[in-house]
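Reviewing the structure listed below.
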Amino acid sequence: MVPPVLPTPASPRRPGPEQPESPLEDLPGHQIRRLQQIAVALFMDETADWGITPVQFATLEAARQQPGLDQRSLAAAIRFDTSTIGGVVDRLEKRGLIQRNAAPHDRRLRLLTVTPAGEQLLGEVTPRVLQVQQRLLGPLEAAEQAQFMALLRRLVQSHGETAGHDADAHAAH
């Protein structure tokens, strides 16, 4: 396959004799978005019995790994929009899976702790979440899976904090 000629900000794509129209399938952003849709669908399929979303799982897991994390630090840890994470925590708190406690040094700051019910849910759902990852990467050979993950991490790290948090809020709706 010939790599697509991608438009640059200085030269927007205009189909014509010198520049054939590029199908969406050749655009990395489109493929990444499609893979995200597939990942979420697989996640929801595997975890339907627990009624948890990928972001809720990441929230619980991050709070379990770092007890006493505040919401802003949690949002940074899972790379999620700070204005949206409050609603995620609200839903988990209403289900009794996480609790907020005032910080001893600053009563305005709320620290997050996974409840015993949240720990139980994580214990039950984590094997299914790992199964999702197997299903997602299943079409690739083991060496391809390792290469894909290395390339994916490299892309994410190379873009660092320059993009992401605010886009997550829009993509979550």
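Taken together, the values in this text are just the output of simple stated rules run on the coordinates, not laboratory data. The model shown is predicted, which means the values in this text are computed figures rather than measured ones. Every residue, glycine among them, receives a Cβ derived from its backbone with ideal geometry; neighbour counts consider all protein chains shown.
Tabulated data
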{"item": "Spherically averaged projected area of the range 44-173 from its Cα convex hull (nm²)", "result": "9.1"}
{"item": "Estimated distance in nm for a label pair at LEU35 and SER83, the labels positioned 7 Å out from Cα along Cα-to-Cβ", "result": "2.9"}
{"item": "Convex hull of the range 89-135 built on C-alpha atoms - directionally averaged projected area, nm²", "result": "4.2"}
{"item": "Spacing of the two label points (7 Å from each Cα toward its C-beta) at THR113 and SER73, in nm", "result": "1.5"}
{"item": "Charge sum, other residues only, whose C-beta stays under 14 Å from THR126's C-beta, Lys/Arg counted +1 and Asp/Glu -1", "result": "-3"}
